[in-house]
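Below is a structure I'd like to ask you about.
The values are calculated or read from the model by the stated rules, or taken from the named source; none is laboratory data. Everything quoted here is computed from the prediction, not taken from an experiment. Note that each Cβ is placed from the backbone with ideal geometry, even for glycine, and that neighbours are counted across all protein chains shown.
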Amino acid sequence: MKSLFKEKYNSEQFFLMAGPCAIESRDMAMYIAEKIVRITQELKIPYVFKGSYRKANRTKADSFTGIGDEKALKILQEVGETFGVPTVTDIHESHEAAVAAEYVDVLQIPAFLCRQTELIAAAANTGKVVNIKKGQFMSGASMGFAVEKVKQENPEGLVMLTERGNSFGYSDLVVDYRNIVDMKTFDAAVVMDCTHSLQRPNQTSGVTGGNPELIGTVAKAAIAVGADGLFIETHPDPANAKSDGANMLHLDKLENLLRQLVRIREVI
């Protein structure tokens, strides 16, 4: 992924994809980005700002889905231009790929959609980096076919594969770290989603729960087994976040965690 992060970064360091679950406002996005940029620059961690311009896969019909597509995409573009960092957002249908590609550097395929051939092909054809989240129903070894779909459309395209746990019963996920090892055999960077992997889906309330107290544990284990990057959703007030607050890391806790992870990376 060196070409994505340019020469200013230490290529031996893990990279970080972090930000709010959804773009809630310009001020919120800029505040979060500014704080993470300061931390990652000090620690020499390559950084990608993350924010969903629209949340399409909600349990309840009245759940927050976004502030408007164009408005949110322009905020993502402004973050990237202001701080000089790549940006990533997820897409859900093939026609969204070309639209989102006008504003961001990385197009993300949600886990539930990781087998959607036309969606992956559309993302690959934009020439952007494609991050494919491993489905909760998939093995790491089976994700090689998703990489092949990208390479078929764009042989020189950069691909990321993101582990985010596997379904364990109806309302829990479990992380099998063998998936990271298996996915590292493909022509792709491997990322650990440290927040969504701790979700408690299918709650009777219609709002997904989570175990954010274990984010550090998941992140440390992922770095120890060789993950190239980490994906962490973070917010200054998770309890009042408009989306997925139950499994986000409080922004104030990010710096200490990253300092620990850098030390682990140095050891291995």
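State whether the residues of the range 196-212 include one that is in contact with a Cys (Cβ under 8 Å, 6 or more places away or on another chain) and either modelled with pLDDT under 90 or not in a loop (DSSP other than H, G, I, E, B) (or both).
no
Residue check: is THR89 closer than 21 Å to LEU16 by Cα and not in a helix (DSSP H, G or I)?
yes
From the list GLY169, GLY229, which residue is over 25 Å from ARG26 (Cα atoms) and within 17 Å of the chain's Cα centre (by Cα)?
Sole residue among the options that is over 25 Å from ARG26 (Cα atoms) and within 17 Å of the chain's Cα centre (by Cα): GLY229.
Being β-branched (Val, Ile, Thr) and out of contact with any strand residue (DSSP E or B) (no Cβ under 6 Å at 6 or more places or on another chain) is the filter; apply it to the range 64-88 and report the residue that is surrounded by the fewest Cβ atoms within 10 Å (Cβ to Cβ).
Here is the first cut: in the range 64-88, the residues β-branched (Val, Ile, Thr) are 65, 67, 75, 79, 82, 85, 87-88.
Then keep just the ones that are out of contact with any strand residue (DSSP E or B) (no Cβ under 6 Å at 6 or more places or on another chain); that gives 65, 67, 75, 82.
On the way: THR65: 17, ILE67: 17, ILE75: 24, THR82: 14.
Taking the candidates together, the pick is THR82.
Just to check your reading of the model, which residue among GLY127, GLY157 is in a loop (DSSP other than H, G, I, E, B) and buried (at least 19 other Cβ atoms within 10 Å of the Cβ)?
After applying the criteria, what remains is GLY157.
Quick check on my filter: what residues within the range 247-256 are within 23 Å of GLY165 (Cα to Cα) and surrounded by fewer than 19 Cβ atoms within 10 Å (Cβ to Cβ)?
HIS250, LYS253
In addition: For the range 171-195, enumerate the residues that are in a loop (DSSP other than H, G, I, E, B), at pLDDT 85 or above and not basic (Lys, Arg).
Quick first cut of the range 171-195, residues in a loop (DSSP other than H, G, I, E, B) only: 171-172, 175-177, 184-188, 194-195.
Remaining after also requiring at pLDDT 85 or above: 172, 175-177, 184-188, 194-195.
Answer for the range 171-195, where residues must be in a loop (DSSP other than H, G, I, E, B), at pLDDT 85 or above and not basic (Lys, Arg): ASP172, VAL175, ASP176, TYR177, THR185, PHE186, ASP187, ALA188, CYS194, THR195.
Could you please find all residues in the range 145-171 being over 20 Å from VAL88 (Cβ atoms) and touching a Leu at 6+ places or on another chain (Cβ under 9 Å)?
Passing the criteria: ASN166, SER167.
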